[in-house]
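Coordinate-derived values only; no laboratory data. On a predicted model such as this, the values are computed, not experimentally measured, just so you know. Cβ atoms come from the backbone with ideal geometry, glycine included; neighbour counts cover every protein chain shown.
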Amino acid sequence: MAYFLIFVSAIFVNNILLAQFLGICPFLGVSNKLSTATGMSGAVCFVITLATVVTYLLNKYLLVPFGLEFLQTISFILVIAALVQMVEIVLKKISPSLYQALGIFLPLITTNCAVLGVAITVVTKEFALGGAPHMLNLGEATVYAIATSLGYGLAMCLFAGLREHLAQSDVPKAFKGLPIALITVGIMAMAFLGFSGIV
Amino acid sequence: MSKWHFVTDGFVKNNPTFVLVLGMCPTLATTTSALNGLEMGLATMFVLILSNIVISLIAPMVPDKVRIPVYITVIATFVTVLQLLMQAFTPAAYETLGLFIPLIVVNCIVLGRAEGFANKHGVGESALDGIGIGLGFTAALTAIGIVREVLGSGSIFGWKFIAGDGILAFVMAPGAFLVLGYLMVLFNKYLAKK
Amino acid sequence: MAAASTLKNMALCLGAVCLVCSAVVGGSYVLTAGPIAEAARAKTVASIAAVLPEFSAEPVEGSITVNGTDYTYYQVEGAGCAIVSSTSGFGGPLKLMVGIASDGTVHNTTVLSHSETPGLGAKCTTDEGFIAQFRGFDPAVKSLSVKKDGGDLDAITASTITSRAYALAVSNAVAVFNEINKGGQAHE
């Protein structure tokens, strides 16, 4: 049950893009076409899940025992940067087709604040899941990471679909490009507000 | 030639929020009130100025291939220092801004200026650029914060001028996108007129 | 002109940067450790002072497990006990400091952290009418739940879930207080 709550809450209620504002830059940058949006979502999903598990373990078995929590920011970002590089190399070797689909997005992901944001959130924030609020354990953290990145993909693909239509419609000159896109996201976020309170 | 234009460029021509459209996450997330926007802007400016200075100093000695890891390490160091200083001396602000203080590390403005400006310019110019871009970012965040606070809570910098609530949607997530979108329209109009 | 990207140069450069950065971070940690601890203590003392009658003694920290949940509390000689109690609100955890006077009545409550909706549930920090109900509340006489659930508390308009969570946090704190005092004066 707890896993299910985390899942629904991370995808719909606290959608990472529309409610937490993480990873907005790539969201606005690559959502012009549905195909690039799906590629980016896939890469983000992969990296967020992997990075969250690795940094969770790093935090639990290295930083906390030595009282070094203040190093979270610096160590997490270095681990994430190294991890992204490694994923790129491994992917190139073992699955060229997957590399072709996701490869060009990987370098962009290091500075995607969604990755660092989720990694820091799961080790610092207490979650309320009906009962008394508590810190997530490894299983819950993994589920949270997967669900969050699915939420990211969902919002990204929905928005890319809208934006493909937006590109063809006639909008006033000053609204062209990003302004109208931001206003559209605002309306989408309003729709997602309707989910609040269901968990 | 005066170096003053390095500061003014960051404010208008290269405004990080309305023109370069960088660092959107803190821009949207922390501007629920004018004060929060101002604090976030100043925190980012602190990191931006220091990292610009240090990177312009060390850039000639850094081999090309390890450039990015070195910059990230330098930036992350200053962010950690900032976190510690804020926890010690402005704990309330640290608590409200929360996650978005450590996330300055991945703010594209900071790495963008390191890579796009500081490693090609001298210390003085890089420091001025940091101040200009930092001020531009702070001004933009404060402006968004003021609009959202006035519409959403009926107050400005915590001073309430309407009894009761404002239009709550503006304090919540959708308002952030809407206000930024409309302010960008105004900024475009202004630039087009010039 | 950047230095050549030879293995030796790269290793030297990264090593030097890491060394200097660790020194800077370590140094600032040592320098700020005192002020950070002081700021955290000041915040705790301020919230204890807000929920208990005036006191002069130093609060003594303790922790206890009640119904499988860990609670932190601060025992203050001559004033009562301040208990940190958190529950699930509407938008996430709702964390309160609940002050219970020595006679077992609730003295006052204050919100330590919350993630409720601005303008609705977030009013639990400002709605004087709601907060005032808890001052001098005697759990032995009245029931700590909202009227909708058959209790004696008026909920915040349009924020029943937040009000319920608030009431539950206070009633959990009362249970903790009773548990602490059941064991006599075995603790400080």
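Cα-based values for the range A:2-197, radius of gyration first and Dmax second, are 17.7, 59 Å.
Projecting the Cα positions of A:Gln20, A:Ala10, A:Ala37 onto the charge dipole of the range A:2-197 (unit charges on Cβ atoms of Lys, Arg, Asp and Glu, taken about the Cα centre) puts A:Ala37 furthest along the positive direction. By the equivalent-ellipsoid construction on the alpha carbon gyration tensor, the range B:9-69 comes out with semi-axes of 27, 13, 12 Å, ordered largest to smallest. The chymotrypsin sites (Phe, Trp or Tyr not before Pro) of the range A:59-145 meeting both criteria, a DSSP state outside H, G, I, E and B (loop) and at most 10 other C-beta atoms within 10 angstrom of the site's C-beta, are A:Phe66. If the elastic network links every pair of Cα atoms under 10 Å, which of C:Pro118, C:Pro59, C:Pro139 fluctuates the most in the Gaussian network model of chain C? Of C:Pro118, C:Pro59, C:Pro139, the most mobile in the Gaussian network model is C:Pro118. Label-to-label distance for C:Asn181 and A:Asp170 is 7.7 nm, based on points extended 7 Å past Cα in the beta-carbon direction.
Mean per-residue shielding of peptide B:84-93 is 5, counting Cβ atoms of other chains within 10 Å of each Cβ. Here the range C:52-187 is assigned +1 on the Cβ of each Lys and Arg and -1 on the Cβ of each Asp and Glu. Its dipole about the Cα centre then comes out at about 420 debye.
Taking the C-alpha atoms only, the angle from helix C:7-51 to the longest principal axis of chain C is near 20 degrees. Scaled against 2.2 N^0.38 Å for its residue count N, the alpha carbon radius of gyration of chain B is 1.07. A full extension of the chain between B:Val123 and B:Val19 corresponds to an added length of 35.0 nm, given 0.36 nm per residue minus the alpha carbon distance. Mean sequence separation of contacting Cα pairs (under 8 Å, at least six apart), scaled by the length of chain B, corresponds to a relative contact order of 36 percent. Here the range B:33-162 is assigned +1 on the Cβ of each Lys and Arg and -1 on the Cβ of each Asp and Glu. Its dipole about the Cα centre then comes out at about 100 debye. Which residue fluctuates the most in chain C, going by a Gaussian network model with Cα springs under 10 Å, if the choices are C:Tyr74, C:Tyr29, C:Tyr166? Per the Cα network of chain C with a 10 Å cutoff, C:Tyr29 tops the list. Normalised Debye scattering of the range C:104-188 at q = 0.14, 0.20, 0.22, 0.23 Å⁻¹ gives log10 I(q)/I(0) of -0.50, -0.91, -1.05, -1.13, counting only Cα atoms as equal scatterers and leaving out solvent. Counting, for every residue in C:31-40, the Cβ atoms of other protein chains within 10 Å of its Cβ and taking the mean gives 5. Out of all Cα-Cα pairs in chain C, roughly what percent, to the nearest whole number, are more than 24 Å apart? So the portion of pairs separated by more than 24 Å is 50 percent. The angle separating the long axis of helix A:178-193 from the principal Cα axis of greatest extent in chain A is about 60 degrees. Gyration tensor over the Cα atoms of the protein assembly as shown: the corresponding equivalent ellipsoid has semi-axes (square roots of 5 times the eigenvalues, largest first) of 42, 28, 24 Å.
Dimensions of the range C:69-120 from C-alpha coordinates, computed as largest minus smallest value along each principal axis and given longest first, are 37, 24, 14 Å. Two tests apply to each whole DSSP H helix in chain B, Cα reach of 24 Å or more along its axis and mean Kyte-Doolittle hydropathy of at least 1.0, and the ones passing both are B:34-58, B:67-89, B:123-153, B:173-193. As a length-normalised measure over Cα pairs under 8 Å and 6 or more apart, the relative contact order of chain A settles at 43 percent. Extension gain, C:Glu58-C:Thr126: 0.36 nm per intervening residue step, less the Cα-Cα distance, totals 21.6 nm. Checked against a 20 Å cut-off, the cross-linked pairs A:Lys33/B:Lys189; A:Lys176/B:Lys189; C:Lys147/C:Lys182; A:Lys176/B:Lys194; A:Lys60/A:Lys92 give Cα-Cα distances beyond that limit for A:Lys33/B:Lys189; C:Lys147/C:Lys182; A:Lys60/A:Lys92. Distances between every pair of Cα atoms in the range C:43-102, grouped in 5 Å steps from 0 to the bin holding the largest one, split as 4, 19, 27, 23, 15, 8, 3, 1 percent. When you count the other C-beta atoms within 10 angstrom of each residue and take the mean per peptide, A:164-175, A:10-21 line up highest first as A:10-21, A:164-175. If I build a Gaussian network model for chain A, linking alpha-carbon pairs within less than 10 angstrom, which residue out of A:Ser97, A:Ser41, A:Ser75 has the largest mean-square fluctuation? Evaluated over chain A, the most mobile residue of the options is A:Ser97. Angle of helix C:160-182 to the longest C-alpha principal axis of chain C, folded into 0 to 90 degrees and rounded to 10: 80°.
Per residue of A:169-179, other chain Cβ atoms within 10 Å of the residue Cβ number 4 on average.
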